[in-house]
1. Give just the number: which of (1) of a type outside the set (S, T, N, Q); (2) open to solvent by less than 90 Å² (accessible area, probe 1.4 Å); (3) without any contact (Cβ under 8 Å) to a residue 24 or more places away in the chain; (4) under 12 Å from E14 (Cβ atoms) does G57 not satisfy?
2. If the Cβ limit is 6 Å and pairs must be 6+ apart or interchain, which residue in the range 26-45 that is on the phi > 0 side of the Ramachandran plot pairs with which residue that is not hydrophobic (A, V, I, L, M, F, W, C) and not in a strand (DSSP E or B)?
3. When only residues in the range 56-88 that are of a type outside the set (V, I, T) and touching a Ser or Thr at 6+ places or on another chain (Cβ under 9 Å) count, which is farthest from P37 (Cα to Cα)?
4. Scan the range 40-49 and give yes if some residue there is open to solvent by 60 Å² or more (accessible area, probe 1.4 Å), at pLDDT 85 or above and assigned to a strand (DSSP E or B), otherwise no.
5. Just to verify a result, which residue in the range 68-102, among those that are touching a Gly at 6+ places or on another chain (Cβ under 9 Å) and open to solvent by less than 80 Å² (accessible area, probe 1.4 Å), is nearest to T3 (Cα to Cα)?
6. Condition (residue is at pLDDT below 95 and part of a strand (DSSP E or B)) applied to the range 15-24: is it met by at least one residue?
7. Run E10 past the list (1) within 11 Å of the chain's Cα centre (by Cα); (2) of a type in the set (D, E); (3) exposed (fewer than 13 other Cβ atoms within 10 Å of the Cβ) and report the number of the one that doesn't hold.
8. Every residue in the range 65-81 that is hydrophobic (A, V, I, L, M, F, W, C) and without any contact (Cβ under 8 Å) to a residue 12 or more places away in the chain, please.
Amino acid sequence: MQTHDAKRVEIVIEAPLLRRLTDALEAAGVTGYSVLPVHGGSGRSGPWTADGQVGRGGMACVICLVAPERLDALLDGVLGVLERYLGVVSVTDAQVVRAERF
């Protein structure tokens, strides 16, 4: 089976910013993404849980696969949202079977 190069982008962001982030992804030409809840983790400030974030909206993880030539536009849009807020962005190489979907 033939595979095609793609980029997998994972973005962990404060849930109240989710709409801004998905708007930026769509403006960058991203045609699909998945949103997952983040129940907890650990970072520079130490471990945390969603239950421990009183009065906050928690965190979410957005995952998308894009063609390599779309990555720069996606990252420009994402960084425009994250420059003043908490967030982690990772990019990894991926292989997809149906390239026309990305």
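1. Only one criterion in (1) of a type outside the set (S, T, N, Q); (2) open to solvent by less than 90 Å² (accessible area, probe 1.4 Å); (3) without any contact (Cβ under 8 Å) to a residue 24 or more places away in the chain; (4) under 12 Å from E14 (Cβ atoms) is unmet by G57, namely (3).
2. Close Cβ pairs (under 6 Å, with a partner that is not hydrophobic (A, V, I, L, M, F, W, C) and not in a strand (DSSP E or B)) amount to G29/R70.
3. Initially, the range 56-88 is screened for residues of a type outside the set (V, I, T), giving 56-61, 64-65, 67-77, 79-80, 82-87.
Then keep just the ones that are touching a Ser or Thr at 6+ places or on another chain (Cβ under 9 Å); that gives 61, 64.
Numbers: C61: 6, C64: 15 Å.
The selected residue is C64.
4. Applying the first criterion (open to solvent by 60 Å² or more (accessible area, probe 1.4 Å)) to the range 40-49 yields 42, 44-45, 47-49.
If we keep only those that are at pLDDT 85 or above as well, we get none.
For the range 40-49, residues open to solvent by 60 Å² or more (accessible area, probe 1.4 Å), at pLDDT 85 or above and assigned to a strand (DSSP E or B): absent.
5. F102
6. no
7. Every listed condition holds for E10 apart from (3).
8. Let us first name the residues in the range 65-81 that are hydrophobic (A, V, I, L, M, F, W, C), namely 65-67, 71, 73-75, 78-79, 81.
Listed by number, the list holds a single entry, L79.
The values are calculated or read from the model by the stated rules, or taken from the named source; none is laboratory data. Remember, predicted model here, so these are calculated numbers, not experimental data. Cβ sites come from the backbone with ideal geometry, for glycine too, and all protein chains shown count toward neighbours. Ligands, DNA and RNA are stripped out before the accessible areas are found, and what is left, the full protein with its side chains, is counted by its heavy atoms. Shrake-Rupley method; radii C 1.70, N 1.55, O 1.52, S 1.80 Å.
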